[in-house]
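To start, the structure itself, in structure tokens.
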Amino acid sequence: MTRLAPLFLLLLAAPSFALAAERCDWQSIVHPEDRPTVQVSLTELSAVEQAPASDGISVSDEAQDRQDLHDLLQRAANTLPLGDVAGAWRVRSLQLDRGHVFGYPYFAARITRQGCSLHFAKTTGSQRRSGELLPLDHDGRALAFLGVATVNDEVPRPYGTLDASSDDHNSVGRLLRIGPNELLMILDYRQGSFELYHLKR
């Protein structure tokens, strides 16, 4: 019986090992309805970007933000190996909604190591995001982002645990490297809208 004890303990621990492995695999965590958002193609995003405003109004103040968004999407077609992305960053948001582009200034963000994954958090500004970054594919050029969007100092709950009564919501996408000191996050693609986070340091 004594000789069997280590094997028995190993069998008891097996479910926890399996759970840990699953948490490192984005496909085992993502909600089925969010999977297409994580994997949305640049072609689809470009089609949304080029569509005219749904209200038919062209706003001149948006011109620079629109150009910035267009340039970032172009650069996303030629990504670099991710390398080490941990540390402090500055992050700017560009939101496209029904043909209009809304740009915001840079705020503080940080990426930290957390077990087999990384954790992203935009830590200042009224609109914030935080969540896990997990390997998206085998070529090492993208990380899936599975997180939550919050407002101000709300304490974020983990991805997938939100309900209709909460003000925050799940947020998903992917992270790419577009320059030696630049990252791009493609976020929350929906019909006629998506958001880009441009990270610099």
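Summary value for segment 86-201: 24 percent relative contact order, contacts being C-alpha pairs under 8 angstrom separated by 6+ residues.
For segment 30-43, 3J(HN,Hα) computed residue by residue from phi via the Karplus equation (6.51, -1.76, 1.60; θ = phi - 60°) reads 5, 6, x, 6, 8, 4, x, 5, 5, 9, 3, 7, 5, 4 Hz, glycine and proline entered as x. A protection proxy built from the mean count of other Cβ atoms within 10 Å ranks the segments 147-153, 131-137, most packed first, as 131-137, 147-153. The convex hull of the Cα atoms of segment 119-201, projected and averaged over all directions, covers 6.3 nm². Sorted from greatest to least, the principal axis extents spanned by the alpha carbons of segment 49-201 come out as 48, 40, 26 Å.
Any read-out appearing in this document is the output of simple, stated calculations on the displayed coordinates, not a laboratory observation. On a predicted model such as this, the values are computed, not experimentally measured, just so you know. In this analysis, Cβ positions are derived from the backbone assuming ideal geometry, glycine residues included, and neighbour counts consider all displayed protein chains.
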